[in-house]
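**Student:** Provided herewith is a single structure, encoded as structure tokens, for subsequent inquiry.
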Amino acid sequence: MLKYLAVVSSLLIFVEAIQRWHTSQIMLTKLYDVQNDHFNVLDNYANLETKRLEELKNYVAAVYEWRDNIKTKKQFLHDHMDVFKVMTQMLQHYFQIDDLIKNKKSLEAFKDIDEHKDLSGEHIVLLAHRALRRLQLFYAIPASDMSAACECCVMAKYCLEGNDPYGVLDWAVEAYGKWESEGRPECVDPDILNYYIVSSSVYTGFNFMNLIILSGPNYQEYTEKFERYYRLMKNELFELEKESTTDIMEVYEYSIGHGYMKDFRNLCKHGVSRTLTKYSKCRYQTNNLFYRILMPFKEEDINSEPLIKIYHDVLYDDEILKIKTLALENMKDATVKSVDGKGDSLIEKTRSGQVYWISKVDAVEYLDALDTRIESFTGFSTKTAEQYQIVNYGLGGHYLPHHDSFAKAINCLQFGNRLVTVLFYLTDVQNDGYTSFPLLNIIAPAEKGAALVWNNLHMSNGQKFYESLHGSCPLLKGNKWIMTRWLYEEGQHLPYDWKNNVQII
């Protein structure tokens, strides 16, 4: 079902440690490009080596032939000039053979690989492991549905390093079962599994040691040692867990401990279809624009308070291609803006993906017509809008529930607060990648070319719509691209003065 870990693990030696490859589908795709580049270098090295060895073989054969020819001349040692010639020729043979053995061209080709190889970059796989573990816990996916024996063993390893003993048991026991059923592949070391299962069984109190048949020279030693010293080190382990545990269990406990997070998780997991009520409508909308009579907007009402609508087929394929092309080489890991709107931080447990902000120059050149379209179907100006933000989600890509609007106490923002969100879907994602509103029990599917629009503030007074809380469901499969445009209070016809927080009569 999920084979990303196998991909990332197999390509580990070919990637640079500074990259966070798992955070977007684009980066995961580039893994293959990186591997292809290195395989081309390796192929060149292999060809040079084959040529070198063939030349060496032929040269050695020629030297043997020359040597045998000299030996047939019985008097060649009696002539001192001949002896000198023989010695000189032998020295030339030596240098030629030495040059063929070392072959600088082959060595240079090999260096091209070595310069990009970083075996110290194991954290790349650790980050991918954490993303998989978050997915597993969020959607309650059995380890048996996710990987084969080799990958299960790797997952158990990183769970142990991340101080996640329940994860160790889950993956190590599954690794053992798959190891038995898959013909005991060499990638799994049963002695290591002994250690994983014994240590985690003692730590968690779940005794899995008797459920499987383990053997090995260290099995008895592991068991006795952990049972003997566990009581002494239990408190120290507990303190260590509090200090160094990864974000995985924290996210899981957070998701099941908050009411709206439970709803968010259920909506994402079960994909409940949005339900049309008597207040919901679907219509062709012109917004009183005469040129829209022949090409009206396909408008769908989703909710009234706050207002949520979907406009279908408002972004065209050629525009989507231009947008993706702009973003492809410039994506960066997504950050989370602080509640005061003044800072950003990289918090993967809250948000995982890669973003690109389209510059104003590019927006004018490529998206000017789209701004006009947004103004047409929303009725709001884009002149003070935030730059377009493009997002691509990768392995377990998600954004936990949040509000787009900033804290009301911030009065220093130039254009006020985020009044309306316009979210465009650049790809279809079948039965996955929903935008979820947990307080409203509403989800919106990722539908290519559609725009999801909602109000973040009350139009009467500018107060936050708490019910506008929304999030992006963790991505199990598919390639999700979105683009967002936030429309601000400044420049809009509103019944209140946002700068002075007063009502306009």
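**Student:** Filtering region 157-198 down to residues that are part of a loop (DSSP other than H, G, I, E, B) and free of Cβ contacts under 8 Å to residues at least 40 places away in the same chain, which residue is surrounded by the most Cβ atoms within 10 Å (Cβ to Cβ)? It would help to see each step written out before you state the result.
**Tutor:** From region 157-198, those part of a loop (DSSP other than H, G, I, E, B) are 162-164, 182-189; that's our starting set.
Of the ones still in play, those that are also free of Cβ contacts under 8 Å to residues at least 40 places away in the same chain are 182-189.
On the way: Glu182: 13, Gly183: 7, Arg184: 11, Pro185: 12, Glu186: 6, Cys187: 14, Val188: 22, Asp189: 12.
It comes out as Val188.
**Student:** Same structure again: Would region 459-467 turn up any residue that is in contact with a helix residue (DSSP H, G or I) (Cβ under 8 Å, 6 or more places away or on another chain), open to solvent by 20 Å² or more (accessible area, probe 1.4 Å) and not in a strand (DSSP E or B)?
**Tutor:** Within region 459-467, the first condition is being in contact with a helix residue (DSSP H, G or I) (Cβ under 8 Å, 6 or more places away or on another chain), and the residues that meet it are none.
No, region 459-467 contains no residue that is in contact with a helix residue (DSSP H, G or I) (Cβ under 8 Å, 6 or more places away or on another chain), open to solvent by 20 Å² or more (accessible area, probe 1.4 Å) and not in a strand (DSSP E or B).
**Student:** Is it the case that some residue within region 321-341 is at pLDDT 85 or above, assigned to a strand (DSSP E or B) and crowded, with 18+ Cβ neighbours inside 10 Å?
**Tutor:** Checked against the condition, which is being at pLDDT 85 or above, assigned to a strand (DSSP E or B) and crowded, with 18+ Cβ neighbours inside 10 Å, region 321-341 yields no hits at all.
**Student:** Then there is this: Could you look through region 62-93, keep only residues that are among the hydrophobic types (A, V, I, L, M, F, W, C) and open to solvent by 60 Å² or more (accessible area, probe 1.4 Å), and pick out the one that is modelled with the highest pLDDT? Even if it seems obvious, please write down each step before you answer.
**Tutor:** Start the filter on region 62-93 by keeping residues that are among the hydrophobic types (A, V, I, L, M, F, W, C), which leaves 62-63, 66, 70, 76-77, 81, 83-84, 86-87, 90-91.
With open to solvent by 60 Å² or more (accessible area, probe 1.4 Å) added as a condition, the list becomes 66, 77, 81, 84, 87, 90-91.
On the way: Trp66: 80, Leu77: 66, Met81: 75, Phe84: 79, Met87: 80, Met90: 80, Leu91: 83.
The extreme case among them is Leu91.
**Student:** For region 285-335, how many residues are of a type in the set (Gly, Ala, Ser) and either without any contact (Cβ under 8 Å) to a residue 12 or more places away in the chain or in contact with a Gly (Cβ under 7 Å, 6 or more places away or on another chain) (or both)?
**Tutor:** 1
**Student:** Considering region 122-156 alone, what residues qualify as being over 16 Å from the mean Cα position of the chain (by Cα), within 19 Å of His22 (Cα to Cα) and not in a helix (DSSP H, G or I)?
**Tutor:** Of everything in region 122-156, those that are over 16 Å from the mean Cα position of the chain (by Cα), within 19 Å of His22 (Cα to Cα) and not in a helix (DSSP H, G or I) turn out to be Met146, Ser147.
**Student:** A follow-up question, please. Residues that are open to solvent by 10 Å² or more (accessible area, probe 1.4 Å) and of a type outside the set (Lys, Arg): find the strands (runs of 3 or more DSSP E) completely inside region 401-452 holding 1 or more of those.
**Tutor:** Where strands (runs of 3 or more DSSP E) fall fully within region 401-452 and carry at least 1 residues being open to solvent by 10 Å² or more (accessible area, probe 1.4 Å) and of a type outside the set (Lys, Arg), they are 418-425, 442-444.
**Student:** Considering region 482-501 alone, what residues qualify as being surrounded by 24 or more Cβ atoms within 10 Å (Cβ to Cβ) and hydrophobic (A, V, I, L, M, F, W, C)? Reasoning before the result, please.
**Tutor:** So the first thing to find is which residues in region 482-501 are surrounded by 24 or more Cβ atoms within 10 Å (Cβ to Cβ), and the list is 483, 485, 487.
Of everything in region 482-501, those that are surrounded by 24 or more Cβ atoms within 10 Å (Cβ to Cβ) and hydrophobic (A, V, I, L, M, F, W, C) turn out to be Met483, Leu487.
The values are calculated or read from the model by the stated rules, or taken from the named source; none is laboratory data. All values derive from a computational prediction rather than experimental measurement. Positions of Cβ are backbone-derived with ideal geometry, glycine not excepted, and every protein chain shown enters the neighbour counts. Accessible surface areas use protein heavy atoms only, side chains included; no ligands, DNA or RNA. Shrake-Rupley method; radii C 1.70, N 1.55, O 1.52, S 1.80 Å.
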